[in-house]
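What follows is a short report on a single structure.
All of the numbers you see were taken from the coordinates with simple rules; none came from a lab. Please read all numbers here as calculations on a predicted model, not as lab measurements. In this analysis, Cβ positions are derived from the backbone assuming ideal geometry, glycine residues included, and neighbour counts consider all displayed protein chains.
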Amino acid sequence: MIHLQRRANPSKLMGYLAPFIALLLTLAAGFFLFLMLGVPVGEAFRAYFIDPISDSYGLAELGVKAAPLIMIAVALSLGFRAGVWNIGAEGQFILGGICGGAVALYFYEVEAAYVLPLMCLAGIAGGMLWAAIPALLRTTVNANEILTSLMLTYVAALLLSFLVHGPLRDPDGFNFPESRLFHDAALLPSVVQGTRLHIGALVAIFITVMAWVLLSRTLLGFALRVNGTAPRAAKHAGFGQAGLVWFSLLFTGAVAGLAGLFEVAGPIGQLNSTISPGYGFTAIIVAFLGRLHPVGVFFAGLVMALSYLGGESAQITLNMPLAVTGVFQGMLLFFLLAADVLINYRIVLGRERVA
Amino acid sequence: MAGSSLVTMQNITKAYPGVLANDAVHFDIGHGEIHALLGENGAGKSTLVKVLYGLLQPDSGSVTWQGQAVKLSSPSVARSLGIAMVFQHFSLFESLTVVENIAMGMAVPATDNLRKRIIEVSNRYGLPLEPNRDVFTLSVGERQRIEIIRCLLQNPKLLIMDEPTSVLTPQEVQDLFVTLKRLASEGVSILYISHKLDEIRELCDAATILRGGKNVATANPKEESAQSLAALMIGEDIQPAIRTNQVKLGEPLLALNQLTITSKSVQNMSLRDINLKVHAGEIVGIAGVAGNGQDELLSAIAGETRSSGEMIWLKGEFVSYWSVGSRRQAGLCAVPEERLGHAAVPSMSLSENAFLTGFHRQKLRTAGLVSAGRCKKAANAVIDEFDVQCHGPHSAASSLSGGNLQKFVVGREILQAPDVLVVSQPTWGVDAGAAAAIHKALQGLAKNGAAVLVISQDLDELIAITDRIGALCAGRLSKLYATTDVDAQQVGQLMGGTHSLEVVA
């Protein structure tokens, strides 16, 4: 029989190395995957990992994809550190897009500087509203936030679908399930001329730094960390758990909502039924890949963004299915979790001992 | 009584990263001998016993069982030889009956035959136990009997008992000793691990004393005094805490008025009508067997559970609705029983753990940001003042031995100079030297005008340091008596549920 035995002193160094090991193993597994698919391996790797970022436009695209991932993942990692498992960032992202997008459509053809800030506020409010529901259920009736936040994601997706098929549908859009294209005053300006890189990239950097300081230097960050590892000690120190649950969920909701607004007011420029390629879920992988540390999450976000671009590029140049992206992301999480298990446990072969 | 050697352990050496837990240790126990294993925390007692029970493999050394060299590669090997162990922490299924639990432990079906054997053994050794009772209805002492009977059913030649009396009332301790002596007279050897030197002097025929992983002495405890045994254990003379008799009672600082908290879960005891006043300058002790509401009382006073109305009064104000933080700022500090995970965060450093409760009363932040330097200073102060053995303020709380972490969490609160300190099990698992230091610190705090409430299962400790004493039983607090007016037997009665003693003048 094989069983796992807890290690007395898990290696700290390996903890930091694990994401890199997972990355290498993912590449190795990818190599065999490409081989089995009968794809020229060298070309596939090139298409997947190098081509997408070989020019400035590609780098900007990396930023466009990485910004929402990093924003959401950093916010999620704060909550995860506190033991608040918000799995519904995807839904909060969509609500942010809906609310911000609705403001854009309401002020259609209004040329005013206040439109964009108002959209941002609406996006934040939408995300927070959606996150407030699991927070309320958790703190009042002790409903598990993993389930409630996840289920609300599907409600959000259906709500978006309903809106773009109905009330918010473009009146001149030949019945396509999309809204009007946003007016110029409602679109995010590009940060780098000639690319789609928008202000979200700067916000992602800002949030990363802010979360870093919050987590390592403030009382709130300390309370979050204590609550995650030793909830009874948090009680002993006088950190109210309900407050930490509310903060974690509302903060992630706000950030995810803002990211959703950035997505519809930036690269997409309208509301349609597919405004997110799963950013809210991928951000969970990003948060763990980055070891729930804001700086780690930042780099993990870049890696994961590359996997999106690589998937698209491989699809175009090599006719590979887009599902390859999901396969790579899944393998990365799998190897990371496996590495974590092996850091904390050793495998013992033989008969189980009675302790 | 003791015959030829039953088991001999020679040159047992076991190293952990950075620590030599056992350094060429010898140990020898004869047939029918009650042999004590003594030593401070971290002296290597647990390691040696784990080697003997097959839980650990030594790096070198040999074990001889009745003249034959044996390799104790697992507990099942040890059990097949006739070695049985009663652990300090029981592993029982609360919702099952006694007989079902015993059947589980022995991996046999719960038959009528087993039930008969249980009754037989329990009668023979004076261990009254009803086989069909559900475990959750039993007291800690009764639960321990299950573990002992489980061992006895396997006809052991050697019975290892790890701190068996730490959870028992004085009466239960006496009953246990009768059983153990009976067993020894029938030829069963008993390895007895305890911190309580008086018990060892009463019960044991021989004692092996370990210090820092090495043998320091083999003594006959009946010929030693508790003082001399303690000196052997820690290598120096210790000054026991001496009660300062002139207590100047000051103003009451903490009062509980009909404190009643109804528990929402089966694991917690409800508190009922608790009345208590603790004055400046005194130490009040609350005795009681574990699980009679101690945790609930501490968390109600500390503010982890809120009460209502005028139930809790602190320095002139009713604080029932106050948060933990407000109570701490007002001068009430608390040390819960559970060190890891409740009083301290295991994965965090001592610096961070100093911040955990210290930030309410000490200035550990600059401009709103946690100051690593100040936290380190605060942690260092505790480490120096209370002689906490560790690698420094950056060590993780989980890396400290139980006794050292205890010194840290008690010291952390004392150095915050509280007006009221509530502490649960202040010297649980702490060696004699450290216990004396903690007792002195508590007395010093009271002397400087603080009100100290000590909740403990260690009766000797309470009798040694408190001014007034009472006991918790089933969530009710007995009347309080001046500690000098009562003896251990009388407090034992209070622990057993007697509300007031008529005989006390």
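Over 20 Å between Cα atoms, which of B:Lys315/B:Lys376; B:Lys45/B:Lys181; B:Lys277/B:Lys479; B:Lys377/B:Lys407 qualify? Going by Cα-Cα distance, B:Lys315/B:Lys376; B:Lys45/B:Lys181 fall outside the 20 Å limit.
A:Tyr279: net charge of surrounding residues, Cβ under 10 Å, Lys/Arg +1, Asp/Glu -1, itself excluded? So the environment of A:Tyr279 carries a net charge of -1.
For segment A:174-197 versus segment B:146-212, the inter-centroid distance based on Cα atoms is 80 Å. Each Cα pair under 8 Å and six or more residues apart adds its separation to the average, and for segment B:347-408 the resulting relative contact order is 40 percent. Each Cα pair under 8 Å and six or more residues apart adds its separation to the average, and for chain B the resulting relative contact order is 15 percent. In angstrom, the C-alpha Rg and Dmax of segment B:461-505 are 9.5, 26.
Taking other C-beta atoms within 10 angstrom as a stand-in for reagent exposure, B:His391, B:His89 fall in the order B:His89, B:His391, fewest first. Relative to the dominant Cα principal axis of chain B, helix B:402-414 is inclined by about 10°. In segment B:347-408, the convex hull through the Cα atoms has an average projected area of 3.9 nm², a quarter of its surface area.
Given 37 °C and 0.692 mPa s, how large is the Stokes-Einstein diffusion coefficient of chain B in µm²/s, with Rh as the Kirkwood radius over Cα pairs? The estimated diffusion coefficient comes to 135 µm²/s. At q = 0.11, 0.17 Å⁻¹ the log10 of I(q)/I(0) for segment A:5-143 amounts to -0.75, -1.10, computed by Debye summation with a single uniform scatterer per C-alpha, solvent ignored. Semi-axes of the equivalent ellipsoid for the protein assembly as shown, computed as √(5λ) from the eigenvalues of its C-alpha gyration tensor and ordered from largest down, come to 60, 34, 25 Å. Database remark: amide H of B:Asp431 closer than 5 angstrom to the amide H of B:Asn41 (H placed geometrically; neighbours at sequence offset of 5 or more, or on other chains; Pro and chain starts carry no H). Note on B:His499, A:His198: ascending count of other Cβ atoms within 10 Å places them as B:His499, A:His198, the fewest first. Mean sequence separation of contacting Cα pairs (under 8 Å, at least six apart), scaled by the length of segment B:5-234, corresponds to a relative contact order of 28 percent. When the Cα convex hull of segment B:5-234 is projected onto planes of every orientation, the mean area is 12.3 nm². Can you give the net charge of the other residues whose Cβ lies under 9 Å from the Cβ of B:Leu232, counting K and R as +1 and D and E as -1? Within the 9 Å Cβ shell, the charges total 0.
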